[in-house]
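All remarks here apply to the structure that follows.
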Amino acid sequence: MKFSNALAREIWDGKYRFKPDDGRRSDKTVDDMIERVSRAVAEAEAPKLRQKWAGRFAEALADFRFIPGGRILAGAGTERRVTLFNCFVMGTIPDSLDGIFAHLGEAAKTMQQGGGVGMDFSTIRPKGSLVVGVASDASGPLSFMDCWDSMCRTVMSAGQRRGAMMGCMHISHPDIEEFIDAKHDRTRLRNFNLSVLVSDAFMQCLAEKGDWPLVFDDKVHRTVAATDLWERLMCSTYDTAEPGVIFVDRVNQQNNLEYCETISASNPCGEQMLPPYGACLLGSINLAALVEGHFTDGAQIEDKALVSLVTTAVRFLDNVIDISLFPLPQQEAEAKAKRRIGLGITGLADALLFCGKTYGSDEAADLTRHWLGLIKRAAYRASAALAEEKGRFPDYAKKILKQPGLDALDAKTRNQIKEHGLRNGCLTSIAPTGTTSLLAGNVSSGIEPVFAYSYNRRILNRDGSAREEKVEDYAMQKWRDLRGDEIPPPDLFVSAQDLAPSDHLKMLAAAQQLIDSSISKTINCPEDIDFESFADVYVDGYRLGCKGMTTYRPNAITGAVLSVDSAENTPETAEKPAEEARLTPLAPREDRLTGATYKLKWPHSAHAVYITINDLVENGKERPFEIFINSKNMEHYAWTLGLTRMISAVFRRGGDVAFVHEELKAVFDPGGGSWIQGRYVPSLLAAIGSIIERHMQGADHVTVASVSATDAFVRQDQKVSVAEIPESERPTLCCKQCGSLSIVRKEGCDSCLDCGYSKCG
C-alpha cells in the first residue's frame, strides 16, 4: 500500500512506524505496520482462529478503510509498556489534600503511559471555604487545576508528547465564574480543555430568567442571575473558544449504562463521556475510502460493504480491550466490566462531496443519518453475535434494552440482543481524527467540514533551511485526478469558513441521534460574527438534542493565522500564501560594547557559572544586546551555548525583552532547586533569569513598546515564529511540537498543518 502524499508518509514515519533499537523487526512499509497491528490484535482470539482474524483485520485496515486509534497503530505488537486506549476519565477527586494529590499522581501515571485524562473538579470545596482541621481557608479547585497543568507540562506522554487533559466543573459550583474566566489568562491552564457541566435544571432556569443557586455540599453560597452566568460563559467562549459545554443530565439519561454508572466528566476531546476510571478505545470507519463512482450521479457507499467493515471493526476493538495494558488497575477493571468501545467515522465531508451533497444541507444531513444508521445497527448486531460467541460484558443487565439508544433499534436487532445480550456496553462515538486523517491521505477529519482544500505546508530541512509543500484535501485530489483543471463547483466545495453556525449544528445533531456516546465537533464561526448572533449557539445545540459542543472564532486571543476568508479559500480562486513576512533583522554588533559579568555559584555544581551581559546604547539609553554564559562544568556546555545564542538573538532584535527573564524565572528543575541568599530558586535557569532581571533593573535600559502580538497573526500571508513573542501575548493555538502557528481547531482538538501534531493524538 502506497501513501498518497509525502505528508502522510512523514506522519507514519514520525508517529506510527515501529523502529526498535533492540534488533527486532521494524516496520519497513505501512503494510508491515498493518501486519504487526493485525497479528497483535488477533492474539485475543482462540489459537486456531488467530491466523484467520489477523487476515480479516489486515483487510479492514488496507487502504485505511478502518483506522484504529493512534495508540493502537503505534503500540500494538511492539511490546512497549504503553496503553492502547486513547483516553481516560480519572476517579472522583476527594475533597482532601491527601486525596487530591493521590489523584494527581494517578493522572501523571496515566499520561506517562500514553493516555489523555479528564477530571471533574466540582468535588473540591470552593475558594475561601473553611478547612476545619487546620483553621485556614481553602484555595479552591482552580488552584489545584494549576497543579495538574504543571504536572502535564512535565510528564511526557508515552515518551513522545505531552498529555492532553479535560477539566470539568458543574455550573452550580460556587467557583464556576472563576472557571469560566480562566482562559482569559493566556498563561494559565494551557494544557487543559475546559467544559462546563450544564444541567437541565439550569437550562430551565435560564429559559425562565430565574436566579441560580451556587451550591457546594448542600450549602447555598450565593445566587446569581442565570442569564448573567450564561452571558459570562458565552462571552468567554466568544473570546477564547472555551469553555465548551456538556449537557450532563442528557448524557446520563441517554447512556446505555445509566443503570450502573453516573457520568460527570469526559475525555479531553469530549466525544467520550465516561464514569470514574472509564476508558476510551477508538477507531474510525473511513467513509471517504468506501465511496464508489466519485462525483457521478450514481456515487454511493455500498451498504453491504459498510456493514461488513463495521462487523470486523467491532471485533477488532473488542479484542484490543483484552490485549491492552492499563496504567491503573481501576481502569482495567472498569474497561473489562463494561467493554465500552468508541467506533466512529472519518472522511464524512469528503464522502458527501463524492456523492454531490453539500455539507450543512438537508440532503447531507439525511445521507449522514443513513450511513450512521447502518453503522449503528451493524455494530449492535456484531456485538450481540460476539456475546453469543464469547460472552456478555460482565455488567450486562436486561434493562439495557429500555435505554433510549437501544429502544430505537429495529425489531430484529433487539431480538438478537434479547436472546444473546451484548459484548459491549457502549459501541459508538465520533472522535477527532486529526493525525490519522492525515495518515489516510488528508481525508476530512471526523464529521468536520473541510478546513482548507489546499494549503502550503512549511517543512524544515535537516540543514535548517525551509521549503514549502502543497497539501490538498483528499476529495480535491480525486477531483483533479478525474476532472483535471475543471473548476470545482463552489456551491459543493464549501469549507468550514463558508458555513453558518446553524449548518454545523445541523450536522452535529443529525449524527448525535445515532451515536451512543458523544461527538467531538467544533462549531466554527466567522471572525466577524456579532455576539448577538453567536450567543445562542449553545442554546440551539441543546434544543437540537446535542450532548456537548465547543466553538471556535478566530480572534486576537485564539489566533487567526490560518483563518482565511471564503473568497480566498474557494477552490477556483485559492492562491498560495504570500512570501513569509520578514522579521526584524538582527542589529549589527559594534566593535566595542560595555557590560557586566556576574558570578553565580549554583550549589549543585562544583564550578561557578559566569554570566556576561553586554549593552548597546541607542538614543542615549542602554539596552541589553548580547549574553555569554560560561562555566568549567562541561555538563552545562550544550544547553548554555544554545541558550546564549537564542537570548542574544532576542536581545539583538530589540523591543521589549523583559519576557526573557520572566520565562527563565518560571522554569523549575524536577530534581529540585536551591536556596540562594535566603531565597528559594527553582532551577539554575531561574537563577540566570534573576541575574538578567537584576542587570536590566540596574541600568537605564530602554523599553520599546512592542508591536501588538496579535498583529502578527491576523493576516494569512504572515508567518511569525512563536519564539519571538512573549508567552503572555501568544495566541492560544500554537504548535507545542514544532512551534509553528499553523494550528487549526477541529473536533475540539488542536491540529498542526505543518508537522501533523495533534493534541489529541
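Odds and ends about this structure:
- Inside region 454-478, residues that are modelled with pLDDT of 85 or more and surrounded by fewer than 24 Cβ atoms within 10 Å (Cβ to Cβ) make up a count of 5.
- Residue in region 532-552 that is basic (Lys, Arg), in contact with a strand residue (DSSP E or B) (Cβ under 8 Å, 6 or more places away or on another chain) and modelled with pLDDT under 80 present: no
- Selected residue (criterion: surrounded by the fewest Cβ atoms within 10 Å (Cβ to Cβ)) from residues of region 94-117 that are of a type in the set (S, T, N, Q) and part of a helix (DSSP H, G or I): GLN112
- All positions within region 251-278 that are modelled with pLDDT of 95 or more and in contact with a Phe, Trp or Tyr (Cβ under 8 Å, 6 or more places away or on another chain): LEU274, TYR277, GLY278
- Residue within region 151-166 that is among the β-branched types (Val, Ile, Thr), farther than 19 Å from VAL89 by Cβ and either at pLDDT below 85 or in contact with a Phe, Trp or Tyr (Cβ under 9 Å, 6 or more places away or on another chain) (or both) present: yes
- Single residue of region 623-667 satisfying the filter (in contact (Cβ under 8 Å) with a residue 40 or more places away in the chain and assigned to a loop (DSSP other than H, G, I, E, B)) that is nearest to PRO603 (Cα to Cα): ASP656
- The residues of region 410-442 that are assigned to a loop (DSSP other than H, G, I, E, B) and modelled with pLDDT of 95 or more, listed by number, are ASP410, GLY421, LEU422, ARG423, ASN424, GLY425, CYS426, LEU427, SER429.
- Segments classed as helices (runs of 4 or more DSSP H), wholly inside region 283-369, with at least 2 members that are more than 30 Å from ARG483 (Cβ to Cβ): 303-323, 329-338
- Region 207-231, subset in a helix (DSSP H, G or I) and either more than 23 Å from PHE121 (Cα to Cα) or among the hydroxyl-bearing types (Ser, Thr, Tyr) (or both), residue farthest from the chain's Cα centre (by Cα): ALA207
- Selection of region 301-330 for residues being under 18 Å from LEU49 (Cβ atoms) and either of a type in the set (Asp, Glu) or not assigned by TED's automatic domain parsing to the domain that holds GLY373 (or both) yields ASP318, ASP322.
- Screening ASP516, ASP491 for residues that are of a type in the set (Asp, Glu), surrounded by 15 or more Cβ atoms within 10 Å (Cβ to Cβ) and at pLDDT 90 or above leaves exactly one candidate, ASP516.
- Condition met for PRO68 (of a type outside the set (D, E, K, R) and either more than 29 Å from ASP322 (Cβ to Cβ) or surrounded by fewer than 17 Cβ atoms within 10 Å (Cβ to Cβ) (or both)): no
- Scanning region 20-32 finds no residues that are surrounded by fewer than 18 Cβ atoms within 10 Å (Cβ to Cβ), outside the structural domain of SER437 (by TED's automatic domain parsing) and among the aliphatic types (A, V, I, L, M).
- Summed over region 4-46, residues that are part of a helix (DSSP H, G or I) and in contact (Cβ under 8 Å) with a residue 40 or more places away in the chain total 15.
The values are calculated or read from the model by the stated rules, or taken from the named source; none is laboratory data. Source: prediction; values computed, not measured. Please note: Cβ atoms are built from the backbone with ideal geometry, for glycine as well, and neighbour counts cover all protein chains shown.
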